[in-house]
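Please treat every number below as a calculation from the coordinates, not as lab data. Just so it is clear, the model here is predicted, and its values are computed rather than measured. When we count neighbours, we look across all protein chains shown, and the Cβ atoms used for this are built from the backbone with ideal geometry, even at glycine.
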Amino acid sequence: MKLGTKSLLWGAHAFYLHPFMVARGWWHLWGAPRDAKMWICFLMHDIGYLGLDEMDGEGSENHVRLGAEIARWLCGDRYADECYRHSRLWCRLNGRTISRLCLADKMAFALTPAWLYLPMVKASGELHEYMERSRDPKKLASYSVEELRLIRSGRPSEWLRGLQMFTNRWVHAQVMTDPAFFAPSNGREENPPPKPAAG
Ligand SMILES: [Fe+2]
Ligand SMILES: [Fe+2]
């Protein structure tokens, strides 16, 4: 079974847990998510991991597409845009800014307890990839000394604590410094939503 499918079934993106952690992340940042259409985005945004070989490798940014197009069909362009822009890599490659869903998604990671997260990513086989990628030399300068010490640890619990500390700090920095994220109603819509891929 492909890694992306395992992630959706019992890993970091488990369909019965991750969407609710994203909702919790949203709540943490902006209060209760009352927009029913956003709940479709919480549920669908990562569904495109189905059948993918890698979680963060080349082409993995396209995992946003399936959920975004389902959101477009059910809820409209604005919600498709929210889903497309939940991936920082997709945004970088497409010259777009991240969405509120992106920050809620990252906050979900920072809020997930280790006792829940670690057994799941060990069982799915994702842990090794996530540990490796967090130690990419290009990322090291972003970490504080303490975060770096923990992220370099061979113990998954310490690694997770370090990466959650960093993620929590990064998300709050975005919310506090970017007016687009001060309140849910101020979501960025300066760029037109992407067109569905041809074919
Ligand atoms: Fe995602
Ligand atoms: Fe997600």
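For Ala123 and Ser153 in the same chain, what is the full-extension length gain: residue separation times 0.36 nm, less their Cα-Cα distance, in nm? Before the final figure, lay out the partial values.
Working: separation 30, 0.36 × 30 = 10.80 nm, distance 2.02 nm.
Working it through step by step, the gained length comes to 8.8 nm.
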request  = Quick one: order Ser124, Ser87, Ser134, Ser142 by neighbouring beta-carbon count within 10 Å, fewest to most.
outcome  = Ser142, Ser134, Ser124, Ser87
inquiry  = Quick check on the chain: helices-only [θ] at 222 nm, where DSSP H runs of length 4 and up contribute -39,500 (n - 2.57) each and the sum goes over total residues. Nearest 500, please.
reply    = -18000 deg cm²/dmol
message = Taking the alpha-carbon distance from Lys6 and a cut-off under 23 Å, which lysines remain once sequence neighbours fewer than 8 residues away in the same chain are dropped?
response = Lys106, Lys122
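Counting other C-beta atoms within 10 Å, which of Asp81, Asp53, Asp46 has the fewest, and how do the rest follow?
On the way: Asp81 24, Asp53 11, Asp46 27.
Starting with the residue having the fewest Cβ neighbours, the order is Asp53, Asp81, Asp46.
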remark   = Checking rank on 126-132, 69-75, with mean other Cβ inside 10 Å and highest first, the result is 69-75, 126-132
request  = State the volume of the convex hull built on the alpha-carbon positions of segment 3-181, expressed per residue in Å³ and rounded to an integer.
outcome  = 115 Å³
query = Length gain on complete extension for the stretch Phe20 to Ala36, per 0.36 nm per residue less the alpha carbon to alpha carbon distance?
reply = 4.4 nm
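Between Glu132 and Leu74, what is 0.36 nm times their sequence separation minus the Cα-Cα distance? Round to one decimal in nm.
17.2 nm
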task = Find which of Leu89, Pro19, Ser157 sits farthest along the positive direction of the dipole of the chain, computed with +1 on the beta-carbon of Lys and Arg, -1 on that of Asp and Glu, about the Cα centre.
result = Ser157
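Provide the net charge surrounding Ser144, with neighbours chosen by a C-beta distance below 13 Å and charges set as Lys +1, Arg +1, Asp -1, Glu -1. All intermediate terms of the calculation are to be shown ahead of the outcome.
Values: positive: Lys139, Arg149, Arg152, Arg161, Arg169; negative: Glu146, Glu147.
Every neighbour counted, the sum reads +3.
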